[in-house]
Structures are given as structure tokens and as C-alpha cells.
Amino acid sequence: MSSPFVTALEIGTTAIKVLMADVREDGSFVAAGLGECESRGVRKGEIVDVELALEAVRRAMESAETAAKKSIGESVYLVSSGGRAESLLHVGGIPVLNEYDEPGGEISHGDIEHALDIARKIPLPDDRIRLHTLQQTFEVDGRGGIVNPERMLAKELCVGILLIHGQRGVVQNLKKLLENVPVVCADAAFGGLCSALAVLSPEHKRAGVVVIDLGGGTTDYIVYSAGFVKLAGSLAVGGDHITSDICSGLNLTRRQAESLKKESGSAIINRLQNDQNISIPAEGGFSGRVVRAATLHTIINVRMEEIFKLIAEKIEAEGLSGMLNAGVILTGGGSAMEGIVDLAQQVFNAPCQIGRVQDCAGFSSRQEGSRFAAVVGCVHYAVSQMKPDPPIRAAWRKWLSKLWGGGDHE
């Protein structure tokens, strides 16, 4: 029987990325087809020109189909990186009653489901849309950190739900765009969560870690502690803003600024390079220039430090600063910048590394995997949403496969 495959799509500000993956029985997968093209009609993760964005998405999909030598299919899973995503913790609680309907009794499975239902009922403004509702630990009579309270004696049971939500219009416009491809959006997953699913191990999540996905128009972040997501969000600022800063600061064209950032940029100001000059060739009516490396690095450093400090402040406000024992993990295109790891270590006062995708084969380098972390994680998310066959049905299908000569295939 042939392996199922999943297609994940990220509509970014600078690039459109598509991953077609063949899923194995153990939940791991192989990148069967990667597609990428320059993004158009998208700004800060939001659609600003439908026709240009549609053309770019179709090109990226065609590229992935060519590499995979098969069709995308009827549906895709969407990475949602725009929309200024935020997280909100909501706690729901119920009294636990005994057989005489008096306070104090044994917690049943029904009590747990009742508490979860109440906690999930989080009111949102009309302009916001739910992306994920993530369960936290339970509290039993005020004692927190309970993973499974069933059969415990208590008078009150509480549970927390972390809601990740985004701007309704942004997410709906992305889904609407896919209808014109035409494909169906099977589900939309927050980009920060996707990146975390791609690069984190269970040990990272238990120790405490922040994953930061550095995109072109947005920066997504997500924080784990004690195995649970504790904070998530998105900033409407990214690598494109650094390019704009270089344009205005050095009087360059956007193409010159982007090339300069990629080839000579650094997030750290190296005092040993103060006297180093960088030659910029003439282009588009702009004469050739010579700029100081220290000036370029200062421009980049100021913007990147601002981004990291905004995230660090949000983490501190939630009381999570001292819980990041696994440090900081960077993903996305911006993670390739020289000095970015050193700067993150300085701002967060914690170890930092570039994320490495897990349980997915088919990437030629670690850096390529980091750039595609969001779509890799989106496939992980899609696999987690697939309902496995009941054991009897699975065994029946396996027997039929052998009967028909299909054999077992990964």
C-alpha cells in the first residue's frame, strides 16, 4: 500500500515555500518535493495583491510537483505567519462532587472533559480567529502541575488552555487565495508552532526553550516550559525591515541593500572590522559606492537587537525568563545571518543555536533545513491531526494488502 503524502505551504513576505512529504508509518517523513520562489503580492505575511500572490504560489507548487513527480493533490496545510498572532491563557474549573452531590469526590473522566470544555470557551473579538487551543496542566484543590488527575480525590478541578489566535481577515484571505489555485486549505497552523514542531525534541520542551522564526516580514516566537507551550506570538517586523534600514541609511537601491545584507551583513558589530570597506557596484542609475563595514553592521545590529529585546520583554512579563534552560533556537531565513547566534545569546543571556529539523530526510544542508523549518513542522502538525486506523481495521487492511499481493510499504 502506498505511503500517504502531505503538502505544506508557507506564503511568506520574501519567499513562497512548498513541501510535499511522503509520510511513513512511524510518523517520520521524506521530503519528496521542495518548491520555492520569490514572493510577490505579500507584505508582513498579509496578501496585498491577490493576482501577484496567486501567480507566485502556483509557481512554487509547480516546482514542488516537478521535483516530486506527482501532483499536489486536492488539499494543502497552510503555515500562518502573519496576522499578529498572540496567545492567551484561560483557566476553567468545576466543583468535584461525590455520589450525594456534595463537595469532595473522586475525579472522573467526565469531570476532566467538563473542565476542559469550560476552559476552551474563550471569548474572542470578531476580528480574531482561533488557530490552536493547547492544554496545560491541571490544578487539584489549588495544587498545580498535575498531568492526569483522574481518580484523585478533590473538591475543585481546574485546567488551563493556551489559545493562539490571529487576525481573522489575514487568515481568511490566505485561505481564500488557495481556493483560486485551486486547492482546499485542510487546516492553518501558526508558523511559530510549526517551526517548534520541526526542530524541538521532547527534552528541549521539558527543559524550557524559545524558538524564534526570523522571516522576511514577520518574526514568530513560541516558548515551551515543562513540556507545555506557555507563550506564543508574532511581530510584524523581519528581514525586509533590515533591508529598508540599509536602503535609507546608506542611500542604496533595494536590490543593492538586499545583496549587501546577505553577502556582508552581520548582526554583531566587530570592532576589528571598523576600518574595513565594502565596495558596491553601480546599478540602476545609482553610482558605485564604498561603505564602511562597521556602519552596515551597526544598522543591522540595532534592528535585530530591537526584535530580540521585544521578545525577551514579553517572556519576562510572563515570568518565564528563568525557565529557558535549553536556551534559544533560531529558524527561518534570517537565521543564516552572520553573528545572529552571538547577538541572541547576549540579549537573552542564554545559549543559542540554529535549529536542525528532525524526523525528516531530504535536505541537503542544516541551513536549508532551518529555512524550511516552518513547512517541515507544518507536515508534523498535519500528521498529528491524522486519525490512525483502529487496531482491528489496521490489521484487516494489512491482511487484505497481503491477500492482493500489495505487500508492506513504508
For the structure I just gave you, tell me whether residue 289 is buried (at least 19 other Cβ atoms within 10 Å of the Cβ) and basic (Lys, Arg). no
From 216, 233, residue being in contact with a strand residue (DSSP E or B) (Cβ under 9 Å, 6 or more places away or on another chain), small (Gly, Ala, Ser) and either surrounded by 22 or more Cβ atoms within 10 Å (Cβ to Cβ) or not in a strand (DSSP E or B) (or both): 216
Just to check your reading of the model, which residue among 112, 72, 107, 94 is touching a His at 6+ places or on another chain (Cβ under 8 Å) and β-branched (Val, Ile, Thr)? 94
So is residue 189 in a helix (DSSP H, G or I), modelled with pLDDT of 95 or more and not aromatic (Phe, Trp, Tyr) or not? no
In this structure, does residue 67 turn out to be within 24 Å of residue 30 (Cα to Cα) and within 25 Å of the chain's Cα centre (by Cα)? yes
May I ask you to list the residues in the stretch 288-343 that are under 30 Å from residue 276 (Cα atoms) and charged (D, E, K, R)? 289, 292, 303, 305, 306, 309, 338, 342
Criterion: small (Gly, Ala, Ser), at pLDDT 95 or above, touching a strand residue (DSSP E or B) at 6+ places or on another chain (Cβ under 8 Å) and over 25 Å from residue 320 (Cβ atoms) - qualifying residue of 115, 154: 154
Within the bounds of the stretch 239-248, is there any residue that is closer than 30 Å to residue 165 by Cβ, free of Cβ contacts under 8 Å to residues at least 40 places away in the same chain and crowded, with 18+ Cβ neighbours inside 10 Å? yes
Are there any pairs, at least 6 apart or on different chains, whose C-beta atoms fall under 9 Å, with the first in the stretch 40-61 and farther than 15 Å from residue 80 by Cβ and in contact (Cβ under 8 Å) with a residue 24 or more places away in the chain and the second among the charged types (D, E, K, R) and in a helix (DSSP H, G or I), and if so, which? 43/240; 50/176
What are the pairs with Cβ atoms under 7 angstrom where one residue, in the stretch 97-125, is closer than 16 Å to residue 153 by Cα and assigned by TED's automatic domain parsing to the domain that holds residue 135 and the other, located anywhere, is surrounded by fewer than 15 Cβ atoms within 10 Å (Cβ to Cβ) and among the basic types (Lys, Arg)? Sequence gap at least six, or different chains. 106/151; 107/151
Mind checking which residues of the stretch 316-335 are surrounded by fewer than 20 Cβ atoms within 10 Å (Cβ to Cβ) and touching a residue at least 40 places away in the same chain (Cβ under 8 Å)? 318, 320, 323, 325, 327
Matching residues, the stretch 278-318, being on the phi > 0 side of the Ramachandran plot and touching a helix residue (DSSP H, G or I) at 6+ places or on another chain (Cβ under 9 Å): 284
Out of the residues in the stretch 368-399 that are among the hydrophobic types (A, V, I, L, M, F, W, C) and part of a loop (DSSP other than H, G, I, E, B), state the one that is modelled with the highest pLDDT. 372
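The values are calculated or read from the model by the stated rules, or taken from the named source; none is laboratory data. Note that the structure is a prediction, hence the values are computed from the model and not measured. So basically every Cβ, Gly included, is an ideal-geometry build from the backbone, and we count neighbours across all protein chains shown.
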